[in-house]
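Each reported figure results from applying straightforward, stated rules to the coordinates on display, with no laboratory input. Not measured: the values here are computed from a predicted model. Here the Cβ is made from the backbone with ideal geometry for all residues, glycine too, and neighbour counts use every protein chain on show.
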Amino acid sequence: MTRVANEDAGSTRRARANALGWGRRRGAWDPDDDADVDVLNDARAHGYCVYSHADWAHAYVSADGEHLYEATTAFGSAPDELRAGTLYRVGPGLFERGGKEYAHMLDGDGMALRFAFSEDGESVHFTSRYVRTREFIEEEEANEVVFRGTFGTMRDGGPLANAFDLHTKNLANTNILAWGGRVLALYEAGQPVRVDDETLESRGVDDLEGRLEPGQYFTLGLSEPIGSMLESSAGLGGRAFTAHPHVDANTGYLCGWGWKSQITAKAVEISLWEWDREWNEMGAREYVMEGCEAAPHDFGVTNKWYVMIQNRLGIDPLPFLVGVKGAGECLISQPEEPLLVHLIPRSTARANGDVSSSRPVVAEGPRESFEIHVALAHDGPPLSAGRSTDGDDDDWVTVYTAGWDKLSPGVFLGEWGSSDPWPFPVPTELTPDFNNIPRTLLWMYSVNAATGEVRRQPAPGCEDLCIDHPHVSPLYEGKRECRYVYASLSNEVRVSGPPLGYVRVDLKTGELQKWYASNRSFCEEPVIVPKCNGAKEDDAWLVGLIADHTEDNPSGVSRLVVLDCARIDAGPVCSIPLRNRIPHGLHGMFVPR
Ligand SMILES: [Fe+2]
């Protein structure tokens, strides 16, 4: 009976989608074609991955300079919890130097954004500024590409000009952390760069009180003590810092980690730390991820464990060494190998009252999978499972993560840099073509620390959704009772596409609340801000950044929006238009007054 009902729903959906034009090559609608404009402006197409690559291609056009201005609300007022608070965001913002376009949008130089909300909630003071790393300053002065980028950007002159230069540029373009009086622009293949909390002026590398050794983030494992001296003089043996630290709601501690790759041993050396808000170290742990050549992008923190998912990627370093490819282009997908889940005992577990775990657990997960952004991890089985009666609840760990349902063999991320020609002009070839990219779902992992069993399935209600950048209320990170995940939403038809709206997922029931901005609007990662004295988990605000493309503004203009987490489907309660289009960014953080 259920199957028949599903088939009916499926055929209805297909008929409706075909009537709206779904089934063509995704993104091939031309905004300048009258018939296509009807589809692009038709709200009935929401959820069907209807968009134009002519619009989306502006996502990775360089920013039109740095800005400093006041922006006022178009409607609504910023709620109390945002007033006098500050939203920081960062993303790649510059994609060429001296007339030479970078090789990949992820090689874009970081641009930090600051939105300072006014006391009355009627405006924001907006600042955008490039993160001026040492490399950025040198390239700015030379007005040419001087350093190699991670994903293939090279100096002019071919391999002869790039071979055996192992220094890659710190792009400072991935995340921004505001903690304990510091604002740090993060890049996982480099060290944090401190920026001024008001002006965003760069203040140099922050080595976290000497925890991050200088140099490129890999070691050749040469005999000591000569090995360290040789590597240090060659600019190697350094330690990078994750772009995804987490604040654990159970302790209030910042949890983060540094890493270096042991090239010859094929292992990643990881140092995990926890800090209070004064940057006092509250815990530390060393861990070596054996058989691993590329550090995880994100991780989760439960009361007992640090949870790291090791995607299966190998490295073929020769093309990097001889100056033919960037280091990131040398990553080779290994879909035939099972993904590994590492449960690393948390250094502060004793403080949390949980001392049962003292040995790391490495559990095999599915093949052909790739996980990227962790929304939440907690001890115990999933919320949707209720409480079991067999007494093994304490053995389970649950992780919700965005990930691909298909990891293809070959060069990792290679498809992110390729596109077939479009039937209209595009401002840059750097913007990824979603026809070549796997879709991203919200996955639910259940891991048994005692038996090593790993179960992976779509999170409740998420079987058809393409999402990314999932987050929970910061008051609920690491807690099993956490019920709601918020994410940017692309579509509901199981295909890869740009983010066109936001979704709230009820992890207990699978109920969804969805809101689409429009088929010509691209939505960045949501940042969740709890309401003051909120009694319920969804007493919170979702702060989003959206780039709208219209007939009047075909190259796009950005706006800041605020949605009520209890009514995502009602759309924004406040909208603050900006004057310019901001390149599609990555991650951010809100600091209350
Ligand atoms: Fe990320």
What's the Cα-based Rg to Rh of the chain, Rh via Kirkwood?
-> 0.94
Given H placed 1.01 Å from N in the peptide plane, which residues other than close sequence neighbours of Asn580 have an amide H under 5 Å from its amide H?
-> Ser558
What ³J(HN,Hα) values, in whole Hz, does the Karplus curve 6.51 cos²θ - 1.76 cosθ + 1.60 give for the range 192-198 when θ = phi - 60°, with x put for Gly and Pro?
-> x, 10, 7, 10, 5, 5, 10
How high is the relative contact order of the chain, in percent, with contacts defined as C-alpha pairs under 8 Å that are six or more residues apart?
-> 15
Protection proxy (average C-beta count within 10 Å per residue), highest first, orders 233-240, 63-70, 87-94 as 87-94, 233-240, 63-70
Check Gln262: other-chain or 5+ apart residues with amide H under 5 Å from its amide H, H built from backbone geometry?
-> Thr219, Ala267, Val268, Glu269
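Ranked by Cβ crowding within 10 angstrom, fewest neighbours first, how are Ile226, Ile176, Ile344 ordered?
Working: Ile226 9, Ile176 30, Ile344 23.
The order, fewest Cβ neighbours first, is Ile226, Ile344, Ile176.
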Under the Karplus relation with 6.51, -1.76 and 1.60 and θ = phi - 60°, whole-Hz ³J(HN,Hα) for the range 444-454, x at Gly and Pro, equal 10, 9, 10, 10, 9, 5, 7, 9, x, 5, 10
Here FRET efficiency (C-beta to C-beta, Glu96 to Arg277, R₀ 35 Å, nearest 0.05) is 0.30
For the range 585-591, 3J(HN,Hα) per residue [Karplus equation, 6.51 cos²θ - 1.76 cosθ + 1.60, θ = phi - 60°, Hz, x = Gly/Pro] | x, 10, 10, x, 7, 10, 10
Of the listed links Lys260/Lys479; Lys100/Lys266; Lys479/Lys514; Lys266/Lys325; Lys169/Lys304, those spanning more than 26 angstrom between alpha carbons are Lys260/Lys479; Lys100/Lys266; Lys169/Lys304
Rough spin-label spacing in nm, given labels placed 7 Å along Cα→Cβ, for Arg494 and Ser408 | 1.9
With no solvent term and unit scatterers on the alpha-carbon positions of the range 31-137, Debye gives log₁₀ I(q)/I(0) at q = 0.11, 0.21, 0.22 Å⁻¹ of -0.57, -1.02, -1.04
Listed with the fewest Cβ neighbours within 10 Å leading, Lys325, Lys531, Lys100 appear as Lys100, Lys531, Lys325
